[in-house]
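Down below is the structure, laid out as structure tokens.
The values are calculated or read from the model by the stated rules, or taken from the named source; none is laboratory data. Keep in mind it's a predicted model, so treat the numbers as computed, not measured. Cβ atoms come from the backbone with ideal geometry, glycine included; neighbour counts cover every protein chain shown.
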Amino acid sequence: MSIYQEVELSELNESYDIDFLIITATTVELNAAIEFLTPIEDDILQAYYNANTYYIGLFGNFICAIVKTNSMGAISSGASLQTTQESIAALTPKAIIMGGIALGKEKDKQKLGDILVSKSVVFYEQARVNDNGSIEYRGIKPEANRTLINRLTQNSTHDYLFNNKNKDATVISGPILSGEKLIDNNQFKQKLLSHFPDAIGGEMEAHGVYVACHDKNVPWIIVKTICDWADGHKEKSFQSESAYIAFSFIHRALESKFAFSNLKILPFKKKRDSPEVNLDAINILPLLVSRRDLSKVLSNREIIKDSSKKVYYEYFFFENRGRVEGFLFIGKNVTITNTLDSFVSTFEKPKILNVYVTKKYNATGPIDRISHLNKETAKRQLSATIYDGIQYLEETIWDSTFKSYDDTKHHKRSDYIDQSLYTYHEDDTNLGHGTEYFKSILADKMGSSISIIFGSGGVGKTTLCDALKSDIERDSDVRKKGVFLIRGERTSSLKNFHDIYVESLLDLFEAFKEESNLSNLSTNDFSINYACGNIQVIIDGLDEIDSALGERFNLERFFQSLSDLDERFHNTKIILTTRDYFAKNLVSSSPLIKKFKLNGFTEGDIEKFKKIKLKTDSQRTKFDKLLESKKLRKGSFSLPVIINLACQAVLGDGPHNKSYNENSEYLISDHVYDSILDYMLNREIEKQKINCTVDDLFLLLVEIVTSHNNKISTSELKEYVELSFNETVNKFLRNPIFSVTSDFISIKEEALCSLVRCRYARYLLLKNISLTEKISELLKDSYKGNGEIYSSLVDTIDTNNEKFIENSTKLLKQMSHKESHSTSNYEKSKYKKSISAMLYILMSNRNCDNKPDRSNFLLQIKGSTTNTTSIDGLHIYGEFHTLDFSNITITNSYFSEFEKFEDCIFPSESKVVFSYCEFNKITLKKANNIKTDIFEASCKFEDCNIMSEIKNQQDDDCIKQKRVRDNIVSISRYIDTTQRSSNLIKLNTSVKWSKSHKGFLKSLISESFLEFTNKGLYKINHDYYDNLPDIKLGRFPDKLDEIVAKLAKK
């Protein structure tokens, strides 16, 4: 008998998130499923909830709980409906798979062991028996989760090993019959199949799983293997193998790492043996003691702690050749005299004593703890035993781990201007020079631990990071400090990109260390150095990491890990940069986070930069003229990248001042960036005698940026140049906008890369919409109507132009076609997001002031050609415009974070609007006029409160309507066919109304239920006299019901 580790359900839920719940219905199925379960840590876990027993472990790469129903079928007590409902309540699984055995459809087309995967479930029990004896089936046919269907039907066969024999099974997907009957009669089965010819098999529990999952918006699927034909010859001989096949198939699907990432289900990562970042003596000793002696040292460990006397230290010792050597680690916030007194009185003096103490700081800087310790150890006759002097632990760790640290890879630019840093507020305050300010933050051990610098592309964030790295490594005041600099722009080109999942600082280190000058540092060495403040982490381009990794970057957990580190060690500092648009993703109000921004060069900065870059008066004069003619000075600040490009345009130019007027397909003549790039490209064509146009060179930049992620190899560039220009590559390598190494070429300035993307996207939208994939790749990051490409497009395209709208309509159809035929989750997401981006672009400058106009426009550009009121594939992310859904239907669409959804117009009558649509991360404040009827059962909801808020609204409406009805009944009983004054009505009725008793009477007058006579009395409208007996009993005519509904909404 297997032994499991029993755990309390509360303890289980605190420790682990359940990725998949696997439901079985028989003991044979349960045993087969558990056979594939492995421990998360030491043992398979066993937990209980109500009458259910759960087995928890790793099933493939995911944490799964396996449960067996307490009875077969769906609806009886303990059957699949109750088991699934209770399991969702107990474990909150992210998805549910029911596995096991089923009946097959036909022997000649299927075989025992074939795997049935549900595209949908057909509940055959709901039926009408007609007077002629015929049966009319009325059961629903809900679809399983599309992602689960897709991931489990990628292969048409499944090979498995059973009883040491290699076998295979066919994977069949389609509708699966589900009902309460255990079928073993061929005539009944055939009759059932005649009503559902598309069914691939049948079973008894699927309908209950669906109902429970639908209520809680949990993704589900059914996977069962044919074990018999339900033809009167049912036997159990094949059940064990059949069950084994089903769960071996599910297990193989769950061995994937990222197949279910769009459901936010990611593989379990084993917890590290020690905390993520540690600074305990036991972790540091391997750096100080030989491997031969380490086990002896670790076996003699004492931790002494006395809070009342502020004593805390760790002492390790071992005997070697008759002499005792000890290692004393003294904590930070202790009283040294008390600590040494405790040590002397507790332990025998060793022959050799190694003493390590951590650094400590006050408001004025570092405290000299070593001098204090030298004095106090001498008083206690310990000086003679201390080997090699008392040492700071941080410096010892550095010397032991950073032997090969390379601080030469990054230097401060020779033309670096330390521009001013500002607070991130509307009333921004000038904090002084950026590098100097941050060095003071790093020196201040009590200051904020997380600094975030915001700024637009080209404002100098990367340059500041390089300068900080150079200064930190070379500043004598902060010697023995390494810098781990992460380039966000490099994320997608990392060797292990597809395996990266980030939720902590160590995850980032492991992903980027090969790209850094810490590549020789182990993860453990990085951990202890960071913990003691030896490593400064700078992350340049947090937004770019997020954009590249998407759901594989858990931003919330990442910031929580940084906060946890600060809480534990109090001396960890981290600097991050990001573009302005990413600010809304960083909503934390933690006091640990301080926000700053760079605005760009002031006039004084420009003058300094000009003097550094341009050596002659003629160059500086030409530079000033260029700034003036191209209008490069804008307001109080100028982007450094623009100023730098202007200098490069001047450098090396002849004495003449040539103006270029060539018409470009891509560049816009009256835009600043375009003018500079046009100027520089023309200059290179002239200087290098290249036989090409500006647009030819621009397409080379497009190739580098879009096809090679701004890192093209020398050989690839050479091939492109030879084929496109019939020129030697050396002419192109001299271009000052390129950064050239022995192996790769890239464009120096990110702002130029951004310009290339923006202008190429504009060109494609205006003149070449056939390149759907290229356009989608460029637009996908603008899916919420923001970002540089989006802003550039809406600024430079007349989106109201009829020709543009016509081309966009064709493009949207092409994108929809690509999305619906893509099998890759990434591709599907890309096309959905690019459709959303196009909708934002088309709506950006459109004069649609009301919801119906906007919806009519969407019908024009996305509507079906066969149904003039239907839109297919309407994918909307973020804060899109409010729409009118009252007269249109939406199919196969995706809505994510569409916060204005509740403000849209919906039909007042019962009518389906949304079919096969998915709603994600939508939180309603009020359901308003949204009804459940508008959502077909095929719709999916994830991280939404739509259905629950509708129910709350309906409950609230019912309460309000009941109050109005009670008021009317009370008034009708008192007034009857007479006439009454306001005061008498108030005294003799129980009216509850927020706008006063008299206000309710006025409302009834406005709705013509009451009349106000010329004598100042109230009476019931004569039209209701015939209904008064029923009204007094609470039975209202339809007209009065309408009045109730109307008043309840006031």
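Select, from 776, 770, 739, the only residue that is under 25 Å from residue 490 (Cβ atoms) and in the same structural domain as residue 806 (by TED's automatic domain parsing).
776
Output the number of the condition that residue 1043 fails; it satisfies all remaining conditions of (1) in contact with a Ser or Thr (Cβ under 9 Å, 6 or more places away or on another chain); (2) free of Cβ contacts under 8 Å to residues at least 24 places away in the same chain; (3) not assigned by TED's automatic domain parsing to the domain that holds residue 925.
So residue 1043 meets the others, but not (2).
Condition check ((1) over 30 Å from residue 259 (Cα atoms); (2) at pLDDT below 90; (3) not in a loop (DSSP other than H, G, I, E, B)) across all residues:
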{"position": "89", "(1), (2), (3)": "no, no, yes"}
{"position": "100", "(1), (2), (3)": "no, no, yes"}
{"position": "103", "(1), (2), (3)": "no, no, yes"}
{"position": "118", "(1), (2), (3)": "no, no, yes"}
{"position": "140", "(1), (2), (3)": "no, yes, no"}
{"position": "172", "(1), (2), (3)": "no, no, yes"}
{"position": "175", "(1), (2), (3)": "no, no, yes"}
{"position": "194", "(1), (2), (3)": "yes, yes, yes"}
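Would a scan of the stretch 1-14 turn up a residue that is surrounded by fewer than 21 Cβ atoms within 10 Å (Cβ to Cβ), free of Cβ contacts under 8 Å to residues at least 12 places away in the same chain and in a loop (DSSP other than H, G, I, E, B)?
yes
Out of all the residues in the stretch 727-748, which are within 15 Å of residue 641 (Cβ to Cβ), touching a residue at least 24 places away in the same chain (Cβ under 8 Å) and not in a strand (DSSP E or B)?
736, 737
Looking only at residues that are modelled with pLDDT under 80 and among the aliphatic types (A, V, I, L, M) in the stretch 643-662, which one is nearest to residue 617 (Cα to Cα)?
Per the criteria, the residue is 651.
Of 74, 102, 90, which residue is under 23 Å from residue 174 (Cα atoms) and in contact with a helix residue (DSSP H, G or I) (Cβ under 7 Å, 6 or more places away or on another chain)?
74
Among the residues of the stretch 304-348, which ones are closer than 21 Å to residue 372 by Cβ and either touching a His at 6+ places or on another chain (Cβ under 6 Å) or β-branched (Val, Ile, Thr) (or both)?
Passing the criteria: 304, 311, 330, 334, 335, 336, 337, 339, 344, 346.
Select from the stretch 86-116 the residues that are closer than 13 Å to residue 206 by Cα and under 29 Å from the mean Cα position of the chain (by Cα) and list them in ascending order.
Result: 96, 97, 98.
Exactly one condition in (1) in a loop (DSSP other than H, G, I, E, B); (2) more than 16 Å from residue 392 (Cβ to Cβ); (3) of a type in the set (Val, Ile, Thr) is false for residue 344; which is it?
With (1) in a loop (DSSP other than H, G, I, E, B); (2) more than 16 Å from residue 392 (Cβ to Cβ); (3) of a type in the set (Val, Ile, Thr) applied to residue 344, the lone miss is (1).
Considering each residue of the stretch 535-570, count those that are of a type outside the set (Phe, Trp, Tyr), at pLDDT 80 or above and outside any helix (DSSP H, G or I), and give that number.
Residues meeting the conditions: 8.
For residue 393, state whether it is modelled with pLDDT under 85 and not basic (Lys, Arg).
Judged against the criteria, residue 393 is a match.
Identify, please: which residue in the stretch 235-259 is over 15 Å from residue 33 (Cα atoms) and among the charged types (D, E, K, R) and is, among those, farthest from the chain's Cα centre (by Cα)?
Ranking the qualifying residues of the stretch 235-259, first place goes to 235.
Look through the stretch 683-695, keep the residues that are part of a helix (DSSP H, G or I) and either closer than 16 Å to residue 738 by Cβ or among the aliphatic types (A, V, I, L, M) (or both), and return whichever of them is modelled with the lowest pLDDT.
687
Conditions: (1) buried (at least 17 other Cβ atoms within 10 Å of the Cβ); (2) touching a residue at least 24 places away in the same chain (Cβ under 8 Å). Residue 714 meets all but one. Number of the miss?
Tallying (1) buried (at least 17 other Cβ atoms within 10 Å of the Cβ); (2) touching a residue at least 24 places away in the same chain (Cβ under 8 Å), residue 714 fails exactly one: (1).
Out of curiosity, is residue 518 over 23 Å from residue 435 (Cβ atoms), in the same structural domain as residue 454 (by TED's automatic domain parsing), crowded, with 21+ Cβ neighbours inside 10 Å and over 19 Å from the mean Cα position of the chain (by Cα)?
no
Within the stretch 855-940, which strands (runs of 3 or more DSSP E) (wholly inside it) include 3 or more residues that are among the aromatic types (Phe, Trp, Tyr) and surrounded by fewer than 21 Cβ atoms within 10 Å (Cβ to Cβ)?
Filter on the stretch 855-940 gives an empty set.
Please state which one of 933, 943 is closer than 22 Å to residue 1041 by Cβ and of a type in the set (Asp, Glu).
After ruling out the rest, the residue left standing is 933.
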